[in-house]
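The values are calculated or read from the model by the stated rules, or taken from the named source; none is laboratory data. All values derive from a computational prediction rather than experimental measurement. Cβ: placed from backbone, ideal geometry, glycine included. Neighbour counts: every protein chain shown. Calculation scope for accessible area: heavy atoms of the full protein, side chains included, ligands and nucleic acids excluded. Shrake-Rupley method; radii C 1.70, N 1.55, O 1.52, S 1.80 Å.
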Amino acid sequence: MSDAVDAARVRAEAAVAAAQAAKAEADAALERAMSVAAEASAAAEAAAAEASAASEAAATVAAAVPGEAATTTSGPLGEADVATIRSGYAFAGPAIEVGALVNGDALADVPVRIPLAMMNRHGLVAGATGTGKTKTLQVLAEQLSAQGVPVFAADMKGDLSGLATPGESSEKLLERTRGIGQEWSAQAAPTEYFALGGIGTGIPVRATVSGFGSLLLSKVLGLNATQESSLGLVFHYAEKAGLALLDLSDLRAVLTFLTSDDGKAELAELGGLSPATVGVILRELITFADQGADQFFGEPEIDTSVFLRTAADGRGIVSLLELPGVAQQPALFSTFLMWLLADLYNDLPEVGDLDKPKLVFFFDEAHLLFTGASKDFVASITQTVRLIRSKGVGIVFVTQTPKDVPSEVLAQLGSRIQHQLRAFTPDDAKALKATVSTYPSSGYRLAEVLTQLATGEAIVTVMNEKGAPSPVAWTRLRAPQGSMSPTPAAAMTATVQASPLFATYGTPIDRESAREILTAKLEAAAAAEQERGDAEAREKEAAEQAKLDAARLKAEQTAATAAEKERAKAQAEYERQQREFEKAQKAQASRQSSGTSRARASQRAPKSVVDELLGSKASRTIMTEVVKGIFGTLRRR
C-alpha cells in the first residue's frame, strides 16, 4: 500500500515540476512577444514620423512650384498611397463613376471607378441600415442604364422607384457633388415596374411549374436525392400524358392521382411512386404555397428577354421588381430570383468577356435569398453565379453585412462597396474583424475606418481591367440623378398601364391544365363507377324480381296443378254421380217400363170388381189416409 502511495507522490511531483517549467516557458514567450510588439510600435511611430516629414516636404515643394496643385494629405494616406489609388482607378475603357477618394477631405482629382467590362464579374454592396446602400445602388443603376446596359433590381421598400423621376436640386446637394467632381443634373432613367404574381404595382411576373422545372423545384423544397428523382418522374409522366403543370395545384393533383387506385398503374412500368415519398413532397408543397410561392406560379409565363431591352435612345431599361412585404415571404423572393437566373442561363448564348454586360442584377436584401436555404440551394446559387458570367450577366448583392452571403458566393465577387459597419455587440465586432480580414493590405486601419464612415461613404475595391484587385479606397459616393424619394403611386400605375407589356401579361390565364384534366378524368371514372354500380343494382333488382316472378309462377303452377287435381277429382266425382244418376235413371226407366208393361197387361185383362174399387181415386185417397194413420205419418191436428 505504501509503495503505491509513494509512486503516486512521485508522479504528482513530476507533474508539478512539468507545470512550473511550462509556466516559465510561457512567461518567457510573453516577454519576447511584448518586446517584439514594442519594437513594432516604435518602428510604426518612426515610419509615421518619416511619412509626416515627407508629406510636409512635398507640400512645401508643391507650394513653391507655380501651377502645381497641392493634394490634401490630412487623412490617413500619404502621397504615395494617394498616387497608387489614382493610378489604380485610371482605366482606359468606359467605367462606372463611383465617387472620389476621401483622405481627410474628398479629392475630386482622384476618382474611384469600376470598369464597365468588369460589371459581369459580380459585386457586393454592404453596410448597416441607413448608411446609403440604396442610393449607391441607384447611382450604379443610373450609370449602367446611361451606358446602354439593361438593369434588373429588386425594390424591397419602394425606394428605388425614384429612378423613374428626375431628382430635385438643392444647394447642399450641389455643394456635395462639386466637392467630388460630379457634374450633377436631374435625370430620370427609363423604367418598367414588375410585381410577383401581380401583387403590388407592376407588370405581373409569373412562371409555370413545368417551366420552373423539377430540378430547381427540388432544390427550393430541400428534397433528398430519392425525392428529387421521384419528382422528376412525375414531371416526365405529366409531359408524356399531356398534363400541363401550370401552378402548384396542378402538381399536387398529379401527385395525388399517381398514388390513387386509379393512377397507380400509370407508373408501374417505371417503378411507381412511394406513398411515403409523395407524402413528403405534398407536405413541402403545402408549406411552400403557404410562404407565398403559389402567387408566383401560373400563366401567362413571362419571357425573361423583356429584362434585356433598351429604350429608343439607346439607354438600358431599368426593370424594378416591386416586392411589398417580401421580408415575410423569403421563399417567394428566392424562388423567383433563382428561376430568373436559371432561365436566363438556359436561354442566353455563351459570349465570354464583353465590353459591357448584357444585363446587371441588383439583389437588394440579399440575406433573404439565403435565409433558411439548404446546402443544395446554396450550391445551386453558387454554381449559377459562377457560370452566368460567361453569358454576359452581372450580379450585385446588396445586404447589411458580408456574412449574410455564403462564403462560396463571396469568393465569386469582383467588386466590393462597403458602407459603415457597426460594432455594438460581440457578434458585430466579430463580423467586423472577419470583414477586415478579407480586404487587401492598405494604408488604412480598416477596423477603425469602417466604423467611422459617414453616410454616403464607403470602402471600395474593384476588379481592374486586367482582373486584379484595385487598391482599397475610402470613397465619397456620387449622388443619384433621379429622385431620392419614391415615385408617387399614381405615376407608377400610369407607367404600368401604358407599358406595351401590360396587354400581354396583365391578365392571368386559367386554361385547362393537369388539375382540370385529372378532375374530369376522376369525375368520369366516378360516373362510370356509379353507372356500373347502378347497372349492378339494376341487375340485382332484376334478378330478385325474376326470382320473385319465378316463385310466383311456381306457386301459380302449383296452385293450378292443385286446382286441376281438384277439378279432375270433382270431374270424376261428377262423372261418377252422373253415371250413378244415369244408372238410376236407367233403373227407373226400366221400372217404369215394367210398370207400363204390367199396366198394359192389366188393361188388356178384364178388371174385377175389387180392382176397379181399389183403382178408383176415392179408394186410393182412403188407402193413403189409412197408411198414414197406421205408420203415424199424419200430424196430429
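Does E301 satisfy the condition of being open to solvent by less than 30 Å² (accessible area, probe 1.4 Å) and among the charged types (D, E, K, R)?
Values: open to solvent by less than 30 Å² (accessible area, probe 1.4 Å): no; among the charged types (D, E, K, R): yes.
Here the answer is no, as E301 does not meet what is asked.
Among the residues of segment 285-297, which ones are open to solvent by 70 Å² or more (accessible area, probe 1.4 Å) and outside any helix (DSSP H, G or I)?
Q291
Just need a number here: residues in segment 365-391 that are open to solvent by less than 20 Å² (accessible area, probe 1.4 Å) and not in a helix (DSSP H, G or I).
So the answer is 1.
Would you pick out the residues in segment 499-516 that are free of Cβ contacts under 8 Å to residues at least 60 places away in the same chain and either in contact with a Ser or Thr (Cβ under 9 Å, 6 or more places away or on another chain) or open to solvent by less than 80 Å² (accessible area, probe 1.4 Å) (or both)?
E516 - this is the single residue of segment 499-516 that is free of Cβ contacts under 8 Å to residues at least 60 places away in the same chain and either in contact with a Ser or Thr (Cβ under 9 Å, 6 or more places away or on another chain) or open to solvent by less than 80 Å² (accessible area, probe 1.4 Å) (or both).
Of everything in segment 141-174, what is assigned to a helix (DSSP H, G or I), closer than 27 Å to D109 by Cβ and open to solvent by 10 Å² or more (accessible area, probe 1.4 Å)? Give them in sequence order.
Across segment 141-174, the qualifying residues are E142, Q143, A146, E171, K172, L173, L174.
For A546, state whether it is open to solvent by less than 50 Å² (accessible area, probe 1.4 Å) and without any contact (Cβ under 8 Å) to a residue 60 or more places away in the chain.
Spelling it out, it is not the case that A546 is open to solvent by less than 50 Å² (accessible area, probe 1.4 Å) and without any contact (Cβ under 8 Å) to a residue 60 or more places away in the chain.
Any residue that is at pLDDT below 90, within 28 Å of P94 (Cα to Cα) and either crowded, with 16+ Cβ neighbours inside 10 Å or of a type in the set (A, V, I, L, M, F, W, C) (or both) - is there at least one of those in segment 415-438?
no
Report the residue count in segment 304-329 for those that are modelled with pLDDT under 90, in a helix (DSSP H, G or I) and either surrounded by 17 or more Cβ atoms within 10 Å (Cβ to Cβ) or over 21 Å from the mean Cα position of the chain (by Cα) (or both).
Matching residues across segment 304-329 total 1.
Given the conditions (1) surrounded by fewer than 24 Cβ atoms within 10 Å (Cβ to Cβ); (2) within 25 Å of P324 (Cβ to Cβ); (3) of a type outside the set (A, V, I, L, M, F, W, C), report the number of the one that T177 does not fulfil.
(2)
Hey, can you tell me all the residues within segment 182-231 that are open to solvent by 40 Å² or more (accessible area, probe 1.4 Å), touching a residue at least 60 places away in the same chain (Cβ under 8 Å) and over 14 Å from the mean Cα position of the chain (by Cα)?
S185, A186, Q187, I199, G200, T201
Residue check: is V405 touching a residue at least 24 places away in the same chain (Cβ under 8 Å), out of contact with any His (no Cβ under 6 Å at 6 or more places or on another chain) and within 17 Å of L144 (Cα to Cα)?
Spelling it out, it is not the case that V405 is touching a residue at least 24 places away in the same chain (Cβ under 8 Å), out of contact with any His (no Cβ under 6 Å at 6 or more places or on another chain) and within 17 Å of L144 (Cα to Cα).
Name the one entry in L337, L282, L332 that is open to solvent by less than 70 Å² (accessible area, probe 1.4 Å) and either in a loop (DSSP other than H, G, I, E, B) or over 24 Å from A514 (Cβ atoms) (or both).
Answer to the check: L337.
Quick one: count up the residues across segment 522-543 that are within 29 Å of the chain's Cα centre (by Cα) and in contact (Cβ under 8 Å) with a residue 24 or more places away in the chain.
First pass over segment 522-543, keeping only residues within 29 Å of the chain's Cα centre (by Cα): 522-523.
In the following step, the residues that additionally are in contact (Cβ under 8 Å) with a residue 24 or more places away in the chain were identified as 522.
Total meeting the criteria: 1.
Okay, residues lined up against (1) within 45 Å of the chain's Cα centre (by Cα); (2) polar (S, T, N, Q); (3) at pLDDT 90 or above; (4) in a helix (DSSP H, G or I):
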site	(1), (2), (3), (4)
E39	no, no, no, yes
A46	no, no, no, yes
A59	no, no, no, yes
A63	no, no, no, yes
E68	no, no, no, no
G75	no, no, no, no
A80	no, no, yes, yes
V102	no, no, yes, no
V112	yes, no, yes, no
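Can you list residue pairs whose Cβ atoms sit under 8 Å apart, with the first residue in segment 429-445 being more than 19 Å from L101 (Cα to Cα) and the second being open to solvent by 80 Å² or more (accessible area, probe 1.4 Å) and among the basic types (K, R)? Count only pairs 6 or more apart in sequence or on different chains.
If the second residue must be open to solvent by 80 Å² or more (accessible area, probe 1.4 Å) and among the basic types (K, R), the pairs left are A431/K403; A434/K403; T435/K403.
Collect the residues in segment 240-263 that are in a helix (DSSP H, G or I) and either open to solvent by less than 50 Å² (accessible area, probe 1.4 Å) or in contact with a helix residue (DSSP H, G or I) (Cβ under 7 Å, 6 or more places away or on another chain) (or both), keeping them in residue-number order.
L248, S249, D250, L251, R252, A253, V254, L255, F257, L258
Look through E301, E284 and report the one residue that is modelled with pLDDT of 90 or more and within 19 Å of T504 (Cβ to Cβ).
The match here is E301.
Considering only segment 444-478, state which residues are small (G, A, S) and either surrounded by 19 or more Cβ atoms within 10 Å (Cβ to Cβ) or at positive phi (or both). Before the answer, list the steps.
Initially, segment 444-478 is screened for residues small (G, A, S), giving 447, 454, 456, 458, 467-468, 470, 473.
Once the filter is applied, which keeps residues that are small (G, A, S) and either surrounded by 19 or more Cβ atoms within 10 Å (Cβ to Cβ) or at positive phi (or both), segment 444-478 yields G456, A458, G467, S470, A473.
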